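Student: I am attaching a structure below and will ask some questions about it afterwards.
The values are calculated or read from the model by the stated rules, or taken from the named source; none is laboratory data. It should be emphasised that the depicted structure is a prediction, and the values quoted were computed from it without experimental measurement. Note that each Cβ is placed from the backbone with ideal geometry, even for glycine, and that neighbours are counted across all protein chains shown.
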């Protein structure tokens, strides 16, 4: 690896030695657990997707083949490999293969377009990308060909579920038994085994800037989060569990690590819904019923729609033990109805893609406590801080900050950005406001960040504002959250048009698409004003704009 390609804010997680001493960091890789199950129960089904089923033995063989093949191509431990895929088994196969030999896994949402792709591939200095040539009518191959000239370090294109074109490699061929490992000897892969505390995987978040950020983690931290804190401490997982992955998996966060990777650590099964269709949530319910799901992981918007679909036509899923909610706060009424309709409990995780999870509820918690964000997890520290830096008391709001055994290295290749949210003692400053009760359960009461959370997805208004200001009919613009009963918040754009112009919402949204922005950046409400209200400091009064939308 060319060390100049990887810029870290810190090269050792604060407290790492203590985490090892306490047994929270065990010195194992994620793939080690999968291998254990492959050797014990090679014929047990581990992953099911739209293409079919893979056993633990299949996963072990294919990920060893793929790891050896990538080394044969000239990639080295420490190199970054990006994977843009839908909820397909290849996403986890690629991750585990890279984990074997210390290459850094960067998952990318299949909905990312030029705006995000050129930024993330350049930021990460990716040497290879694994992707479908086309998916849902979008030509990913053409996009990559378009941006390749500005990505000189991106040398290998590996295509999914399609014949490779000139200059490409086929994923299936690389993961097949091509004799890659046999030619190098039985310990070829083991000699390249990475340290479990080295940077190995990324989760992509919107951050607080107009472009996504790459949060970098090691396996020790990731395993403490998903195996110990989530799987054992909070959800009591066993080899008999069946998870259904409903949320998009492609950023490595809620829709990936908890419903797809975690079951594989316990010898359980994960079933992947290829694409969530908000207009037909019954497809997810059908999958849950067909595979006798014991748990699902989703965001509040999805649960709202699943509840409505179950109310309209109930599915019989007596196996369901719990529903994990993440990404945004879930309304108490929705959680209560979900528990009544599905005869299970709703389990909640609170945290940030950037810095992991400090608190969770437990499936054994009483109903009243399940409506909170949860209690501090083993190995984590949490504080609520007043504006003066002192700790808030019980029942008093303060900014939520945390650190501990499941956190990462900060943002990949962005030390300045990292330093804006982590302090020198390793505390992550979330920008969220919370209160602790006498029993230590956290309730989130607001946030300091100027961020729109639409159905669990963070959307930075600045990205949309910057783009819309380039429209010839837009003189000024402000983007604000508009309350919505289903999504929590939707995007509202307040536009001051140039003289004589009257842009429409459809026109502005097409303009955003034409600039290569993903569909979720599109405003759903538009308000045209002669001028934007401003405060005494000449800053736009966004609260007044929000009130304007809610009064319409």
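Student: Would you mind finding the one in 500, 455, 488 that is surrounded by fewer than 16 Cβ atoms within 10 Å (Cβ to Cβ) and on the phi > 0 side of the Ramachandran plot?
Tutor: Details: 455 fails: surrounded by fewer than 16 Cβ atoms within 10 Å (Cβ to Cβ); 488 fails: surrounded by fewer than 16 Cβ atoms within 10 Å (Cβ to Cβ).
Unique residue meeting the criteria: 500.
Student: Continuing with this model, one more query. Out of all the residues in the range 69-78, is one or more in contact (Cβ under 8 Å) with a residue 24 or more places away in the chain, touching a helix residue (DSSP H, G or I) at 6+ places or on another chain (Cβ under 6 Å), outside the structural domain of residue 126 (by TED's automatic domain parsing) and outside any strand (DSSP E or B)?
Tutor: No - not one qualifying residue is present in the range 69-78.
Student: Which of the residues spanning the range 483-512 are in contact (Cβ under 8 Å) with a residue 40 or more places away in the chain, in a helix (DSSP H, G or I) and closer than 16 Å to residue 459 by Cβ?
Tutor: 508, 512
Student: In the set 419, 405, 355, which member is crowded, with 19+ Cβ neighbours inside 10 Å, farther than 30 Å from residue 289 by Cα and out of contact with any strand residue (DSSP E or B) (no Cβ under 6 Å at 6 or more places or on another chain)?
Tutor: Exactly one of 419, 405, 355 is crowded, with 19+ Cβ neighbours inside 10 Å, farther than 30 Å from residue 289 by Cα and out of contact with any strand residue (DSSP E or B) (no Cβ under 6 Å at 6 or more places or on another chain), namely 405.
Student: Of all residues in the range 469-484 being under 32 Å from the mean Cα position of the chain (by Cα) and modelled with pLDDT of 90 or more, which is farthest from residue 544 (Cα to Cα)? Write out each step before concluding.
Tutor: Quick first cut of the range 469-484, residues under 32 Å from the mean Cα position of the chain (by Cα) only: 469-471, 477-484.
With modelled with pLDDT of 90 or more added as a condition, the list becomes 471, 479-484.
Values: 471: 24, 479: 12, 480: 10, 481: 12, 482: 12, 483: 14, 484: 17 Å.
Per the stated criteria, the residue is 471.
Student: Turning to a different aspect of this structure: Where residues in the range 314-346 are assigned to a loop (DSSP other than H, G, I, E, B) and modelled with pLDDT under 95, which of them is surrounded by the fewest Cβ atoms within 10 Å (Cβ to Cβ)? Steps first, answer last, please.
Tutor: Step one: filter the range 314-346 for residues assigned to a loop (DSSP other than H, G, I, E, B), giving 314-321, 326-331, 343-344.
Restricting the remaining residues to those that are modelled with pLDDT under 95 gives 326-331.
Values: 326: 23, 327: 25, 328: 20, 329: 18, 330: 23, 331: 15.
For the range 314-346, the residue satisfying everything is 331.
Student: Specify the residue that is farthest from residue 128 (Cα to Cα); the eligible residues are those in the range 88-112 that are part of a loop (DSSP other than H, G, I, E, B) and at pLDDT 95 or above. Quick ask: steps written out before the conclusion?
Tutor: Initial filter on the range 88-112 (part of a loop (DSSP other than H, G, I, E, B)): 88, 102-103, 109-112.
So of that shortlist, the ones also at pLDDT 95 or above come out as 88, 102-103.
On the way: 88: 19, 102: 14, 103: 11 Å.
Among those residues, the one meeting the criterion is 88.
Student: All but one of (1) in contact (Cβ under 8 Å) with a residue 40 or more places away in the chain; (2) in the same structural domain as residue 135 (by TED's automatic domain parsing) hold for residue 60; which doesn't?
Tutor: (1)
Student: Just wondering, is there one or more residues in the range 433-440 that are within 21 Å of the chain's Cα centre (by Cα), crowded, with 22+ Cβ neighbours inside 10 Å and either in a loop (DSSP other than H, G, I, E, B) or not assigned by TED's automatic domain parsing to the domain that holds residue 532 (or both)?
Tutor: Within the range 433-440, not a single residue is within 21 Å of the chain's Cα centre (by Cα), crowded, with 22+ Cβ neighbours inside 10 Å and either in a loop (DSSP other than H, G, I, E, B) or not assigned by TED's automatic domain parsing to the domain that holds residue 532 (or both).
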